[in-house]
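Have a look at the structure below, then the notes.
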Amino acid sequence: MAVAGQTTEFDLLVDGMNCASCVGRVERGIRAVPGVASAEVNLVTGCAHVTPGPDGVAAEAVAAAVAELGYPARSEVVTLAVEDMTCASCVGRVERAIAAVPGVRGVTVNLATGRARVEALAGAVSRGALIEAVQGAGYGARAAGPAKEMTEEDHGPQRRALVVAAILTAPLFVLEMGGHAVPAFHHWLRGVMGTQVLFGLQFVLASLVLFGPGRVFFVKGWPALRRGAPDMNALVMVGTFAAWGYSSVATFVPAILPAGSVHVYFEAVGVIVTLVLLGRWLEARAKGRSNAAIARLVGLQPRTARVMRDGQEIETEAADLIVGDVVRVRPGERVASDGVVVTGASFVDEAMVTGEPVPVEKTAGAEVVGGTINGSGSFDFEVLRVGSETVLAQIAALVAEAQADKLPVQALVDRVTLWFVPAVMAAAAVTLAVWLVFGPDVGMAVVAAVAVLIVACPCAMGLAVPVSILVGSGRAAEMGLLFRRGAALQQLSGVDVVAFDKTGTLTEGKPRLTDLITSPGFTRTKALALAAAVEARAEHPVARAIVTAAGSEGLAIAEAEGFEATAGLGAAGRVDGSIVRVGTARFFGDVDMSGFAAEATRLEGMGRGPLYLSVDGRAAAVMAVSDEVKPGAKAAVAALRTRGIEVVMVTGDNRRTAEAVAGLLGIGHVVAEVLPGGKVDAVKDLQGGGRRVAFVGDGVNDAPALAQAEVGIAIGTGTDVAIEAADVVLMSGDPGRVPDAVALAKAVIRNVRQNLFWAFAYNVALIPVAAGVLYPAFGLLLSPVLAAGAMAISSVSVVTNALRLRRFRRAGT
């Protein structure tokens, strides 16, 4: 696509400038771009003001020039709410209109959500210019507000139009079709009214329907047809007007029609308009429910909060909270924002974030998340994050971004539907011409052409993919699974290998004392107190685990004198006059530890490296500090293997420990003792032979591997770097959610395929039938009324099928 030139002045926001020489280089680089008359760069604001020459200049060309100098132009994302889109061809036209705006780098329009996500050069493109482009294409547009679940009040105008159309169509249908169904009724009507009066009454009713509730098809369809870009409204408009026009001629000037072809189809006009309006109303209601998940997320934020100021409790708007405010939360209330507990204690239901139903205990120092529900206790917390920085706002933003994304399969659908409506109108014209030549009368030719126009609406094709993403990603968010990109749904559904990091992902990431066995003459409390006295002077995680264990048991920890540590082996010191040593077996060359051989072997088999304690040269105890396996890890591995997915562990830990943990979990393939770069290489090796890999991790060192894999899955309790590099985030930190994410992704893609099959199969099967291919052999011709009903049913069925994803449940729930 050619990049449009801009003839008016515009700005670019340029990053990376830090001195006057940078400004000079950027200015010279911009002025060297053909078509630029002048350029002024402000170092403080980072803004480059560009004045084009008379021939104009592409903003993207200017951005490319400064980027080549090492100063990239900043991009921004603008979201618009687009109105009046009714089918997939509308989506294509809106995307082309926005993409033609100078400075736009990319655009994705979603029919299901009615939103356009635009990536543009910051400063070079105004929201007003984008809105004008959409309006120029024949659609309404405005700045997008927060998502909300549609109510009956929102559908009021559609419902009123439908009711009026149905009231006017009912007698029209009875007058015409009643006579066909009951011959006696037909003869009675003709005897009472006469044919001309009967046709005239039907003309009045049909006209009221077509130019009353059906006026919307003309208002929106005619401009689209005039621009040479017909849409669904144009199809319905042409079809119904043709049927109405032919019937009007048959009513008032029948003499100009060939003999035997004087028929009226006023009831078809009324029923078509009514059924199309019914389909749109049902579709709008279903689409409103499909967006319920993100709407509920936004609605979780309480409107008010109780802030402690000057010792007084003051109620204020939650939106007015600032960082540092202290907020009081009473029993049963929602937490107003993200923060940390300063006083009080309670249990908080965090299911809206993690998907876990068990409330979490909150005491002083614990973090709380806005929107979560307090239990029976009360506490005060200090606000840490507000507005768009809160976890709830970020979750809603991630879900909205994923819902706006397109699956790779959508590209094919877009290419097909772009030309679909013009092709349908051409097919209707051919149908009309063929039956005018070979058909029994003009009426049949008109009926067949109208049926083709009505039956072939591409609404179902346009909704097939985005509505499944919309519902699926919303359901995932309710389960604590955040898909950062909609495309990750398709990629995750087809993975062959899931590779897990070990520490913090399959294990807790918090070493703790798991075993302590003493020799005769030493009690557990004495041995633990002596070991803790020495390890209190050390800094490594194993030492902290021993000290923590002693503290949790309420033991007094003495001061160790003469502390000495030997890296990688152990530490020693004098405690209450005794020489105490703690370390690995190699640290005790002069002490006989053979009495603990059996216990040491058992611990090693469990993946727990043994540590020894000696007091004054005597073997006192053997202990183990271990990073325990997370409760859901074993079940997660089993569930993935049941699905035919290979499970691999990739870790920097030593091989012996890694293989022991893998053995407990049922993982057969272990890649151990690798650096962060080695994890990337391991993923590349697993990708050999065209296999698709998902990598699950939580640490900074996992970020490169998360980016390398087809799908990166981050544990939500991990680091921000890992989460930013991932495609999917497990908010609860439970590896048991990985099979859930895979299962949901498969369910969404299966739903998409079902929708696409029925949408395309419907058109492939019914367009030829509507055109009359069955008439010569079987005498069957599809009525425009039935065509309208089938068209409405196709769109509603696609949305209804997608809504089934709202019932997706975790395995075993």
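The values are calculated or read from the model by the stated rules, or taken from the named source; none is laboratory data. Here the structure is a predicted model, which means the values were calculated and not measured. Because the Cβ atoms are built from the backbone with ideal geometry, glycine has one as well, and the counts that use them run over all protein chains shown. Just the protein is used for accessible areas: all its heavy atoms, side chains included, with ligands, DNA and RNA removed. Shrake-Rupley method; radii C 1.70, N 1.55, O 1.52, S 1.80 Å.
Answer with one residue from LEU482, GLY570, VAL329: the one whose Cα lies farthest towards the positive end of the charge dipole of the chain, charges on Cβ with Lys, Arg +1 and Asp, Glu -1.
LEU482
Need one number: % antiparallel among DSSP beta bridges in the chain, to the nearest 5.
On the way: 86 of 104 bridges.
Around 85 percent antiparallel, to the nearest 5.
On average, how much area does the Cα convex hull of region 35-112 cover when viewed from any direction, in nm²?
That works out to 7.0 nm².
Considering only protein heavy atoms, with the full assembly of protein chains and a 1.4 angstrom probe, order PHE217, PHE522 by accessible area, largest first.
Numbers: PHE217 0, PHE522 20 Å².
I get PHE522, PHE217, largest accessible area first.
Debye sum, Cα scatterers, region 487-633, no solvent: what log₁₀ I/I(0) at q = 0.11, 0.17, 0.18, 0.20 1/Å?
-0.45, -0.92, -1.02, -1.24
Tell me, what % of the accessible area of the chain is carbon and sulfur with a 1.4 angstrom probe? Could the numbers behind the result be given before it?
Numbers: 20300 of 34660 Å².
Percent of accessible area from carbon and sulfur atoms in the chain: 59.
Around THR548, what is the net charge, scoring Lys/Arg as +1 and Asp/Glu as -1 over all other residues with Cβ under 11 Å from its Cβ?
On the way: positive: LYS510, ARG512, ARG544; negative: GLU535, GLU553.
Taking every other residue near THR548 into account, the sum is +1.
For the chain, just the Cα atoms, rotate onto the principal axes and tell me the three extents in Å, largest first.
Reported extents, whole Å, longest axis first: 125, 71, 66.
Just from its helices, what would the mean residue ellipticity at 222 nm be for the chain, if runs of 4 or more DSSP H residues each count -39500 (n - 2.57) and the sum is divided by every residue, rounded to the nearest 500 deg cm²/dmol? Can you show the working numbers first?
On the way: 30 runs with 387 residues, N = 813.
The helix contribution divided over the chain gives -15000 deg cm²/dmol.
Please give the charge dipole size of region 9-88, origin at the Cα centre, charges +1 on K and R Cβ atoms and -1 on D and E Cβ atoms. Round to the nearest 20 debye. Please report the intermediate quantities before stating the final value.
Working: 4 positive and 11 negative charges, 90 e Å.
Computed about the Cα centre, the dipole is about 440 debye.
Accessible area, 1.4 Å probe, largest first: how do ARG475, ARG334, ARG692 sort? Intermediate results must be reported in sequence, preceding the final value.
Values: ARG475 35, ARG334 85, ARG692 105 Å².
My answer, sorted largest first, is ARG692, ARG334, ARG475.
Quick one: if the Förster radius is 25 Å, what FRET efficiency do GLU367 and ALA556 give, using the C-beta to C-beta distance and rounding to 0.05? Walk me through the numbers before you get to the answer.
Working: r = 32 Å, r/R0 = 1.27.
Calculated transfer efficiency: 0.20.
Could you state the number of Å between the C-alpha centres of region 1-60 and region 430-485?
46
Order 662-670, 131-139 from most to least packed using the mean count of other Cβ atoms within 10 Å. Spell out each step's value before the answer.
Working: 662-670: 17.8, 131-139: 19.3.
Order by mean packing, descending: 131-139, 662-670.
By per-residue mean of other Cβ atoms within 10 Å, what is the highest-first order of 626-633, 207-214? Numbers along the way, then the final one.
Numbers: 626-633: 19.0, 207-214: 20.8.
In decreasing order of mean packing, 626-633, 207-214 become 207-214, 626-633.
Amide H of PHE10 versus every other amide H placed in the peptide plane: which residues, excluding those fewer than 5 positions away on the same chain, fall under 5 Å?
Long-range HN contacts for PHE10: VAL50.
Treat every Asp and Glu Cβ in the chain as -1 and every Lys and Arg Cβ as +1, leave all other atoms uncharged, and give the resulting dipole magnitude about the Cα centre to the nearest 20 debye.
2580
Over the chain, give the accessible area per residue in Å² for a 1.4 Å probe, as an integer.
Values: 34660 Å² over 813 residues.
Ligands and nucleic acids excluded, the result is 43 Å² per residue.
Can you give me the angle between helix 442-455 and the longest principal axis of the chain, using Cα atoms only, in degrees from 0 to 90, rounded to the nearest 10?
Between helix and principal axis, roughly 10 degrees.
I need the calculated FRET efficiency for the pair ARG159 and ARG806, taking r as the beta carbon distance and R₀ as 35 Å, to the nearest 0.05.
Details: r = 23 Å, r/R0 = 0.66.
Efficiency, rounded to the nearest 0.05: 0.90.
Helix 195-211 versus the longest principal axis of the chain: what angle, 0 to 90°, nearest 10, using Cα atoms?
That helix lies at roughly 30 degrees to the long axis.
Treating the angle as unsigned and between 0 and 90°, give the value, to the nearest 10°, between the Cα long axis of helix 737-771 and the longest Cα principal axis of the chain.
Relative to the chain, helix 737-771 is tipped by roughly 10 degrees.
Normalised by the number of residues in the chain, what is the relative contact order in percent for Cα pairs under 8 Å and 6+ residues apart?
So the answer I get is 11 percent.
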